[in-house]
1. Using the Karplus curve 6.51 cos²θ - 1.76 cosθ + 1.60 with θ = phi - 60°, work out ³J(HN,Hα) for each residue of the stretch 17-24 in order, rounded to whole Hz, and write x for Gly and Pro.
2. Spin-label point model (7 Å from Cα, Cβ direction): what's the Leu298 to Ala357 distance in nm?
3. Given a Förster distance of 30 angstrom, what is the FRET efficiency for Ala434 paired with Ala193, based on the Cβ-Cβ distance and rounded to 0.05?
4. How fast does the stretch 294-356 diffuse by Stokes-Einstein, in µm²/s, taking the Kirkwood radius from C-alpha pairs at 37 °C and 0.692 mPa s?
5. Return, ordered by residue number, the residues of the stretch 310-328 whose backbone nitrogen is under 15 Å from a label point located 7 Å along Cα→Cβ of Glu242.
6. Given a 1.4 Å probe, how much area per residue of the chain is accessible, in Å²?
7. If you add up the charges near Thr196, with Lys and Arg at +1 and Asp and Glu at -1, over every other residue whose beta carbon is less than 12 angstrom from its beta carbon, what do you get?
8. Ignoring ligands, DNA and RNA, what percent of the accessible area of the stretch 1-44 is carbon or sulfur (1.4 Å)?
Amino acid sequence: MTQIPHLLALEINAFRGATRPFRLAFDPGKRITLIFGDNGTGKTTIADALICLCTDQYGSLDDKSGADKGFLLAQGHEPEELYIQLDTDRGTFMATLAGKKLKKTPPTLPLTLRHLRRSSVIELATAAPAQRYEQLAGYFDLSGIVKSEEALRNLARNTRAEREQVTRALAGLENLLEVTWKNEGSPGDGWEAWVTAELAKDPGAEQAKLNALRAAGQAWERAAIALEKLHDTREQGVSAAETRKISEHRLDELQSASAQDPGLLPLLEKARHYLSATPHDPQHCPLCRQPADHARLLTELQTRLDGMNTLREAVAAADAARAEHERLQTLWQGSLDSLNTEITRLLDTTAPLDNAAAFTESLLALQADGLTPRRRADIFGELHPTLSGFLQGKSLEAEHISKALDQYNLLFQNWRAVRAGRDEAAATATLLDAAETALRVVESTRKEYIENELAAISSEVDALFQALHPGEHIGDVQLFLKEKGKNSLELTARFHGKAGVAPQSLYSESHLDTLALCIFLALAKRYDGASTILLLDDVLGACDEAHIGRFMQVLQEQANYFAHIVLTTHDRRWLERYGSSGDIQLVELLPWSLKEGVGILNIEHGMSNFEVA
């Protein structure tokens, strides 16, 4: 059996209303401590100190919207002065202020604190099912299962959405393939059979044929361009030859008319240039050194050159025409060679094709023995219309094959996507089924566990409630999960002969108070037990003296299940009734002041905590 810990003392300083050091020594022989004090004497300070030390909450500050946690510190004190210390037979536990948060030493306590305030009592009894479940869910400690359940629920939700997305995409792909099948005339026994048959074909042979057709087409285009260029250079050469003939004839006519040799022109030009540019003796000839008049000599040279100007122009024109004719002859020869090269390439690329008789005959004509390049070019020009018509047909054939291959590739990609989509849809469906199955198992197991726990708790609650209200024809308390609600906790009871009623509909305020207390006690006893401190903060304001007596009797019977029970009240009936009780430690608080803080009047010894200190 677990050994129950004992509380020794609670010390508070600079916390809330404890403006001076406060110490409450617990009676080691008593499990219940009743703290009595009028409003404003410090009961809340003591309760908040226990809550702040033993839980992650802030006590009464949590109950007030907008409350500043900075007011944990008592007025007129520094943060380092604040401490809360609980001495037990298991060790000492302390909280100090670090910023606006409490630092606890050690960080975790071997004690559990369950506290109930007047507002919580009313809320527990009258709350809506969902809020009631929220209040009590912490007792079941199913956080791990709840997280797993939520993770499974999210997995199922996401997988369901993924399945719908995959299904839509798959339907789109299947519809696309079906439309393609219909556009082809709906052959076979359905689009899937048709796609399978189409993909069973070997596209390699068709691709090779397409490559051969394209190569032949490209060779034909290059040969046609070379032929056109040969024709152009031939026409330009004929024109250049005619221009050369005319220029040379004109030059011959001028030479005959002037009886001058055109070869004399460059000599005269050089002589004039020499005499004009070179320093010399103006009285002698630079060639024979005989006396001569240079100025006169230059004048005569210029006169002869002017007379030969027309001849000079004719010479230049003849030279230019001759050079252009020779250039075009060279260009024509290059074009002829290029055309013959392209014809050879065309013959090579068309050889693998399925050729018609006329085309085959044309190819043989281009390959006849003894053909000169010029004769071959002439034959190619003569056969050009026949070859062009045949190769245009081959171009259309290539276009048809290309479209067929494009469709094959599209069918292949879409069919592969369909198969992948079907696999993904099947895997997603399997995962969804597994997730939904696991979710149902976890959810039903959790609910079954909670239902079983609630049934056991309901029995304990009803036993406690009957002890408080014997012979009053109320009770039969039932806590159960709402059938169609999510995390909703129903509470029903019996009122005289009517069972299954909502207690808040017919029970008095006192009955609702005691019902909530019984639920609180039953939960704390079942799930926390010997290491738990129960803090009941002014919870029975609506009870009459008879029910107060029964309640204290119940508490005394249950006290051995807990580490300690602390009650606070401002109701003087408690003071008068339990002031001399041998089983309950009574602590009466003195009036509070900012100077004196929270103080205790020791009834048994007639001394205050200030005097003891």
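1. Result, ordered by residue: x, 7, 6, 10, x, 10, 9, 10 Hz.
2. For the pair Leu298/Ala357, the computed spacing is 8.7 nm.
3. Calculated transfer efficiency: 0.35.
4. Taking Rh from Cα pairs, D becomes 198 µm²/s.
5. The answer is 325.
6. Accessible area per residue, the chain: 53 Å².
7. Result for the local shell: -1.
8. 48 percent
The values are calculated or read from the model by the stated rules, or taken from the named source; none is laboratory data. What you see is a predicted model, and the numbers here were worked out from it, not measured in a lab. Backbone-built Cβ (ideal geometry, glycine too); neighbour counts: all protein chains shown. Just so you know, the surface numbers come from the protein's heavy atoms only, side chains and all, with ligands and any DNA or RNA stripped out. Shrake-Rupley method; radii C 1.70, N 1.55, O 1.52, S 1.80 Å.
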